[in-house]
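Below you'll find the structure, written out as structure tokens, and then a few comments.
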Amino acid sequence: DESHVNDRTRYRRYGRSLRGVRPRFRYAFVRGVRYPVSVAVNYRGISDYVIIGGSCTSHLFFEWFITSLYSSLPHDGILILDNARMHHYQPFIELAGFLRIGLIYLPAYCPFLNPVEHIFAALKAAIKRYRMEMIISPVETLAFILERLRGFNVRGC
């Protein structure tokens with residue numbers, strides 16, 4: 001499954017002001033760099049992940065599957081995917097069929113059926129804790145957080 005982090009999520013949400021006066025925050029509207037995070041989870045926790053600077057496309061997802069994700073799957077494994085458009089990329093479906101990997105798509109709008117959503121909740125909580133490190137090096141900080149979450153127990157999810 002995928003989630004993303006934006007550069008602008010690290011700005012302060014709280015400030016100080018005179019008593020009775022609401023603090024004001026002024027930011028120029030500038031879109032930050034997105035960092036999509038794709039995570040593969042098995043019953044033992046995170047088996048593989050990729051962090052991409054920019055937008056995640058079908059081609060990048062397909063490349064991740066070929067270079068990294070396929071090697072972490074068991075022979076004749078099954079991938080459970082949500083209904084993101086990139087998961088319906090025809091070369092990916094054909095390659096998965098050729099490699100005898102089963103593809104199961106979750107129903108639309110059913111994140112409660114996806115155990116990786118619990119990992120994303122823990123990831124987003126950790127991003128708030130490591131806000132200053134995200135300013136300096138967001139990709140390295142995300143990789144550090146995901147490595148710490150690698151043993152996250154999804155059995156009860």
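The values are calculated or read from the model by the stated rules, or taken from the named source; none is laboratory data. As the structure is a computational prediction, the values presented were derived from the model and not from experiment. Please note: Cβ atoms are built from the backbone with ideal geometry, for glycine as well, and neighbour counts cover all protein chains shown. Only protein heavy atoms, including side chains, enter the accessible area calculation; ligands, DNA and RNA are left aside. Shrake-Rupley method; radii C 1.70, N 1.55, O 1.52, S 1.80 Å.
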Checklist entry - For region 29-67, how many residues meet the condition of being among the polar types (S, T, N, Q) and modelled with pLDDT of 90 or more? => result 2
Next on the checklist: With the structure loaded, tell me whether Ala96 is over 14 Å from Ser38 (Cα atoms), open to solvent by less than 40 Å² (accessible area, probe 1.4 Å), modelled with pLDDT of 90 or more and not β-branched (Val, Ile, Thr) or whether it fails that test.
Outcome noted: yes
Checklist entry - For region 109-157, what are the residues that are in contact (Cβ under 8 Å) with a residue 12 or more places away in the chain, assigned to a loop (DSSP other than H, G, I, E, B) and open to solvent by 80 Å² or more (accessible area, probe 1.4 Å)? => result Asn153, Arg155
Next on the checklist: Going by what's in this entry, would Asp76 be described as closer than 29 Å to Gly151 by Cβ, of a type in the set (D, E, K, R), open to solvent by less than 40 Å² (accessible area, probe 1.4 Å) and not in a helix (DSSP H, G or I)?
Outcome noted: no
Checklist entry - Is it fair to say Leu81 is surrounded by 13 or more Cβ atoms within 10 Å (Cβ to Cβ) and not β-branched (Val, Ile, Thr)? => result yes
Checklist outcome for this item: Pairing a residue in region 95-106 that is under 9 Å from Gly77 (Cβ atoms) with any residue that is part of a loop (DSSP other than H, G, I, E, B) and open to solvent by less than 30 Å² (accessible area, probe 1.4 Å), where Cβ atoms lie under 6 Å and the two sit 6 or more apart in sequence or on different chains, gives Ile101/Gly77
